[in-house]
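Read through the structure below, which is laid out as structure tokens, and then see the notes.
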């Protein structure tokens, strides 16, 4: 009798355990199916025309091009700043850099004796911000950061303290060689990435880390924040790829730097491998992919290489500058069977839109005790329902000097009009991008009505965001104004 009793108890326990496992599997399956995975690719310094889908005459990017054909390609997407750290902060907060007073790359450079005195600015991402990573965490996601971070010198500012369960490769450095003496080939000297075998290429290594994360984390929805170090300097790539471009480059073309071309292809390979992994795991149809850059392409010569790094033609200038070449960037968004494929949109968008858009697409909710003000616009209705976003204006504020030659400025684009204000000269520039995408004809002197309208709009925005305005420098010295030093104006 006792044996029968114990047998019955064991049978019941087994039944309940089996039922619990089945319920857990069903719950996990429903959770995975109801919440999309998200992979956010942010490429460093990738210019607007640095891909086949955007018109490159050299760089081969079959995976980016395929992504564009299967998703939505934005022609008029902009970075929140002309340099990296502010744009990255904008992606994570949904705010303009001016509003959070993080307006230059960290740690920045200053002209101590320049005409303009640079205002105080934050050199870290404030812990008061409720980041995109935290929003995903609070909605039941596993969150991972892989790659470049560059949002603070101290560990308390790194990904693991800003909404990411795991951080692979993200620390204070803005490039593989900054601070650590590493580079794109192992050893990397990165405190958040173990060195690989000698000669291992950083982008391939980080991509393999992303693949492993996908392999190991399929029970809950995941958000992978994949911020590549490519294609930031130093210019380093596999010799095989460099040799390939040496054999096909047209030196009369716009894109002529074969090492940079190889780095772009390394980036494209990374995207392709991640997309392939998602498909092999049956996750591709329930995964949102966002592909973008943090600023325009670097146009200047690199060290002893007299060739340009890249060419943003037909856009003017490049990274660090307010002209279109410095701020117009690629943006592609894909979600199979949810977002119509093969669509090209000319909606003005900016980096700050990514946070509210992903919240809208993934149907994320703020916890009762959390909230976040957005300067960015939610594009999800446009993406899902083809209803064009009604936005007329985007803004920039960069009260700094840049090594590529730019001086402090504020600017806006309103419809097709671009207004730039330069603090050194106290002069405006006005361009009609509809007829002059290369910003060759300054219309400020012949269209005073439009100049007045847009200048009032710009200065109202500067007041609304409490932007820090640069002033004339009492220490100005014409004989020393080209001297640079590391910024010491952090307000930590």
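Can residue 139 be described as without any contact (Cβ under 8 Å) to a residue 24 or more places away in the chain, surrounded by fewer than 24 Cβ atoms within 10 Å (Cβ to Cβ), in contact with a helix residue (DSSP H, G or I) (Cβ under 9 Å, 6 or more places away or on another chain) and under 24 Å from residue 211 (Cα atoms)? The answer is no for residue 139. Of all the listed residues (393, 369, 425), the sole one being in contact with a helix residue (DSSP H, G or I) (Cβ under 8 Å, 6 or more places away or on another chain) and surrounded by fewer than 17 Cβ atoms within 10 Å (Cβ to Cβ) is 393. Sub-6 Å Cβ pairs linking a first residue in segment 382-408 that is at negative phi and free of Cβ contacts under 8 Å to residues at least 60 places away in the same chain to a second residue that is assigned to a loop (DSSP other than H, G, I, E, B) and surrounded by fewer than 24 Cβ atoms within 10 Å (Cβ to Cβ), at least 6 apart or interchain, are 382/388; 382/389; 389/347; 389/377; 391/348; 391/377; 392/415, ordered by first then second residue. Note on segment 451-479: residues that are surrounded by 12 or more Cβ atoms within 10 Å (Cβ to Cβ) and under 17 Å from residue 395 (Cβ atoms) total 15. Scoring residue 148 on the criteria (1) closer than 20 Å to residue 239 by Cα; (2) modelled with pLDDT of 95 or more leaves a single failure, condition (1). For segment 434-469, a residue qualifies if it is in contact (Cβ under 8 Å) with a residue 60 or more places away in the chain and more than 12 Å from residue 419 (Cα to Cα), and the qualifying residues are 437, 438, 440, 461, 462, 465, 466, 467, 468, 469. Against the condition within 30 Å of residue 431 (Cβ to Cβ), surrounded by fewer than 16 Cβ atoms within 10 Å (Cβ to Cβ) and either in contact with a strand residue (DSSP E or B) (Cβ under 6 Å, 6 or more places away or on another chain) or free of Cβ contacts under 8 Å to residues at least 24 places away in the same chain (or both), how does residue 344 come out, does it pass? Here the answer is yes, as residue 344 does meet what is asked.
If you check 134, 160 for being outside any loop (DSSP other than H, G, I, E, B), closer than 23 Å to residue 203 by Cα and out of contact with any helix residue (DSSP H, G or I) (no Cβ under 6 Å at 6 or more places or on another chain), only one passes: 160.
Would you mind stating whether residue 443 is assigned to a loop (DSSP other than H, G, I, E, B), surrounded by 15 or more Cβ atoms within 10 Å (Cβ to Cβ) and touching a strand residue (DSSP E or B) at 6+ places or on another chain (Cβ under 9 Å)? Yes, satisfied.
Of the helices (runs of 4 or more DSSP H) lying entirely inside segment 307-406, those containing at least 2 residues that are under 28 Å from residue 137 (Cα atoms) and within 17 Å of the chain's Cα centre (by Cα) are 354-362.
For residue 286, the stated conditions do not hold, so it cannot be described as within 28 Å of residue 421 (Cα to Cα), in contact with a strand residue (DSSP E or B) (Cβ under 7 Å, 6 or more places away or on another chain) and surrounded by fewer than 24 Cβ atoms within 10 Å (Cβ to Cβ).
Yes or no, residue by residue, for (1) farther than 27 Å from residue 312 by Cα; (2) out of contact with any strand residue (DSSP E or B) (no Cβ under 8 Å at 6 or more places or on another chain):
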site: 420; (1), (2): no, no
site: 447; (1), (2): yes, no
site: 452; (1), (2): yes, yes
site: 466; (1), (2): yes, yes
site: 475; (1), (2): yes, no
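The values are calculated or read from the model by the stated rules, or taken from the named source; none is laboratory data. Predicted model, so just to flag it, every value in this text is computed and none were measured. For neighbour counting, all protein chains shown are included, and Cβ atoms are generated from backbone atoms with ideal geometry for every residue, glycine included.
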